[in-house]
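Have a look at the structure below before the remarks.
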Amino acid sequence: MPGAVTRIAVSPGVRHMAASAFWFSVMSVLVKVAGDRLPSQQIVLARGAVCLVLSWALLGRAGLSPWGNRPPVLLLRGLLGTVALLCFYHSIVHLPLAEAVVIQHMNPIFAALLAAALLGERGGARLYLGIAGSLAGVLAIARPAALFGGGAADLPLLGLAIALSGALMSALVYVLVRSLGSREHPLVVVFYFPLVTVPVVLPLAATVWVWPTALEWLVLVGVGVATQLAQVHMTRGLALEPAGRASAVGYIQVVMAAGWGALLFGEIPDPLSLAGAALIIASTLAVVLSGGRPPPERGIVSASE
């Protein structure tokens, strides 16, 4: 009919992935807000405690035993995920929000490279071009003085190194979970993450403990709740959409992080940082959409989000 409004159909899977990206971006904002005064180890501990309670409740609701079939492998998954989370939260606190999130989103490239080396999966030329493009993007964001002289970026190199380490640890988790195949229920894999995080991080947080205010307690609980909501939506989205398309939608999180950073923290990326972020996203999507990424379990075993 003339003048009728044409509606664009958006599939349920895409809507879930968009919701997941939103809640992950909210989680990142809350981590940065809490990190203004609280140590990042303490934020990781709070998130682990909230997610442990929620994961236990989900296991009980599903009538599942929480211990799984291969506890040693699941414990290793939890340990690697805990290291990844410590690195990611440290980078959120000490780097601009957009840069921290975009570097973390390099993990599919690392995962594809590790899967090729450890599991014998084919890499291909696109993977290696993706790696080269991502590294060029990181250089454009970091702009070390040794290469850029007076045009160097005012970003801590230690923070950037920790951010990259977090992405690498996340990739190791994905490869480990891929090796598990379907032998473990996804809810059990999720449960082992906070089960390891809480006792591992507790002594680290205790050494730097800062007693939260009432508002900060709410922010810390919000980190855990936003994480759980994001993972639920991602799980549903990956069950309904092909992994490549779902992951592409998930990159909305990078745009949201840049928006939150500019709106709430006054973090305006310069042109070179924007170009570097675009190069990392394009390179990673080239690998993701070519099939060189971990399986859909990412949505329920997220190592660092």
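The values are calculated or read from the model by the stated rules, or taken from the named source; none is laboratory data. Here the structure is a predicted model, which means the values were calculated and not measured. Please note: Cβ atoms are built from the backbone with ideal geometry, for glycine as well, and neighbour counts cover all protein chains shown.
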What's the number of the condition VAL93 fails, among (1) touching a Leu at 6+ places or on another chain (Cβ under 7 Å); (2) part of a helix (DSSP H, G or I)? (1)
Which one of LEU38, LEU45 is under 29 Å from GLU184 (Cα atoms) and either at pLDDT 95 or above or touching a strand residue (DSSP E or B) at 6+ places or on another chain (Cβ under 8 Å) (or both)? LEU45
Could you give every pair whose Cβ atoms fall below 9 Å, whose first residue belongs to segment 30-52 and is on the phi < 0 side of the Ramachandran plot, and whose second residue is buried (at least 19 other Cβ atoms within 10 Å of the Cβ) and part of a loop (DSSP other than H, G, I, E, B), counting only separations of at least 6 or pairs across chains? ALA46/LEU38
Step by step: first the residues of segment 99-108, then only those that are touching a Ser or Thr at 6+ places or on another chain (Cβ under 8 Å) and in a helix (DSSP H, G or I), then the one that is modelled with the lowest pLDDT. Which residue is that? PRO108
Kindly list, by first and then second residue, each pair from a residue in segment 56-72 that is loosely packed, with under 12 Cβ neighbours inside 10 Å to a residue that is part of a helix (DSSP H, G or I) and of a type in the set (S, T, N, Q), limited to pairs with Cβ atoms under 6 Å and residues at least 6 apart or on different chains. none
Write out, first by first residue and then by second, each pair whose Cβ atoms fall under 7 Å of each other, whose residues are 6+ apart or on separate chains, and whose first residue, in segment 214-227, is farther than 20 Å from SER55 by Cα while the second is of a type in the set (A, V, I, L, M, F, W, C) and part of a helix (DSSP H, G or I). GLU216/ALA34
Are any of the residues in segment 153-164 more than 23 Å from ILE280 (Cβ to Cβ) and surrounded by 14 or more Cβ atoms within 10 Å (Cβ to Cβ)? no
